[in-house]
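Each remark here refers to the structure printed beneath this line.
Every read-out reported here was derived from the displayed coordinates using simple, explicitly stated rules and does not represent laboratory data. The shown structure was predicted, so the numbers you read here are calculated from the model rather than taken from an experiment. As a convention, Cβ positions derive from the backbone with ideal geometry for all residues, glycine included, and neighbour counts pool all protein chains shown.
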Amino acid sequence: MELRTLTYLVAIADAGTITAAAQQLHITQPALSRQIKDLETELNTQLFIRQSHAVTLTADGTYLVNRARQILTLANNAVSDLHREQKLSGTLTIGLGESRLNQFVLQAAQNLVQQYPDVKLQIYSGNAEDIFERLDHGLSDFGVVIDPADKYKYAFTSIPGNNQWGVTLPATDPLATQTQITAADLQGKPLIISQRQPVRAMLESWAGASLPDKQFIATYNLVYNANLLVESGLGWAVGINHLITDNHNLKFIPFTPAITSSMSLIWLKHAPLSAVGQRFLEILADQKDESLK
């Protein structure tokens, strides 16, 4: 299986017909059909359902096209790194969870692109599972995750500061006047919680008891829509501080005893970093040293 063949495969999937793809690739339609037929023979599977005026991906075809896109992206990035000019250039891709502590990482990224104008920055927002998946598939160079998170497969460095956990509730809620939320305050309250299992385990450990499943009425991966559910009156959202922006209808109240969690910048342990990635880590390390002075 060659990169050229994968390029052909993706071109057909995007164009919708072999004829249109052949025109875009500047090869003949019979030659392109033969390449795909040879690939199907090599893999012993059908990749396309051929119709009179179009082609449709099979399940195996869809899987291979998605993998081909990832492989071609990695190959293009590798070629760019190997053939870059003496000046630093390329793309830095970072996956971020939601937290104000991200500002520390984004400041380092900003310094990088200001020092090296040919470096481009791509930001992806998601929860820890999304970020792990993108790192594993080579779609991100780095990720920022909020603890508790399972980082055993990754190299990582800590990010200064801590997040404080609590609940977001409607400003009209009778308990909105409190400055802290106890485990007793949670009894019987409908809760909206991160879909990550470690978060529920952390909450129940803090509460000193398991909470009934019926109390967890919704889950979220990013907090914006969870806050909309809180505003509509569905329940309280369990999360971290500083994620409500200019919304006077909601209030965040921290837990007592306090639950705090750190954050880490992570990357693949055994995968070599690009020159852009290496320089980014150097800038981040210098920034950390400055913050400790």
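Using the charge dipole of the chain (Lys, Arg: +1 at Cβ; Asp, Glu: -1 at Cβ; taken about the Cα centre), state which of Phe216, Ile94, Thr62 has its Cα farthest towards the positive end.
Comparing the listed Cα positions along the dipole, Thr62 ranks first.
Express the C-alpha Rg of segment 250-293 as a ratio against the empirical globular expectation 2.2 N^0.38 Å, rounded to two decimals.
Output field value: 1.80.
Would you calculate the separation in nanometres between label points at Asp246 and Thr260, each defined as 7 Å from the Cα along the Cα-to-beta-carbon direction?
Each label point lies 7 Å from its Cα, and together they span 3.0 nm.
Work through the residues other than Pro170 whose Cβ is under 11 Å from its Cβ and net out their charges, Lys, Arg +1 and Asp, Glu -1.
Local charge sum for Pro170: -1.
Helix-only estimate, please: 222 nm mean residue ellipticity of the chain, summing -39500 (n - 2.57) across DSSP H runs of length 4 or more and dividing by its residues, to the nearest 500.
Calculated at 222 nm, the ellipticity per residue is -13500 deg cm²/dmol.
Which percentage, to the nearest 5, of the DSSP beta bridges contained in segment 163-260 is antiparallel?
Within segment 163-260, antiparallel bridges account for around 60 percent of the total.
With N set to the number of residues, divide the alpha-carbon radius of gyration of segment 3-82 by 2.2 N^0.38 Å and report two decimals.
With N residues counted in segment 3-82, Rg over 2.2 N^0.38 Å equals 1.09.
Using Cα pairs closer than 8 Å and at least 6 residues apart in sequence, work out the relative contact order for the chain, in percent.
Taking the mean separation of contacting Cα pairs over the length of the chain, I get 21 percent.
How large is the charge dipole for segment 163-260, taken about the Cα centre, if only the Cβ atoms of Lys, Arg (+1) and Asp, Glu (-1) carry charge, to the nearest 20 debye?
Magnitude of the dipole: close to 160 debye.
Can you compute the FRET efficiency between Asn76 and Asn111 using 1/(1 + (r/R0)^6), with r the Cβ-Cβ distance and R0 = 22 Å? Round to the nearest 0.05.
The calculated FRET efficiency here is 0.30.
Using the Cα centre as the reference, give the magnitude of the dipole from point charges on the C-beta atoms of the chain (Lys, Arg: +1; Asp, Glu: -1; all else neutral), rounded to the nearest 20 debye.
180 debye
Where does the Debye-calculated log10 I(q)/I(0) of segment 58-215 sit at q = 0.14 Å⁻¹, using only Cα point scatterers of equal weight, no solvent?
One equal scatterer on each Cα of segment 58-215 leads to -0.90.
How long, wide and thick is the chain, going by the Cα atoms along their three principal axes, in whole angstroms, largest first?
Principal extents (Cα only, largest first): 73, 50, 34 Å.
Can you list, largest first and rounded to whole Å, the semi-axes you get for segment 48-130 by taking the square root of 5 times each eigenvalue of its Cα gyration tensor?
Equivalent-ellipsoid dimensions as semi-axes: 35, 20, 9 Å.
Just to be sure I understand: with springs between alpha-carbon atoms less than 10 Å apart, which residue in Ser89, Ser232, Ser140 has the highest mean-square fluctuation in the Gaussian network model of the chain?
Most flexible of the set in this elastic network: Ser232.
Expressed as cubic angstrom per residue, what is the convex hull volume of the alpha carbon set of segment 202-271?
Taking only Cα atoms, segment 202-271 has a hull volume of 153 Å³ per residue.
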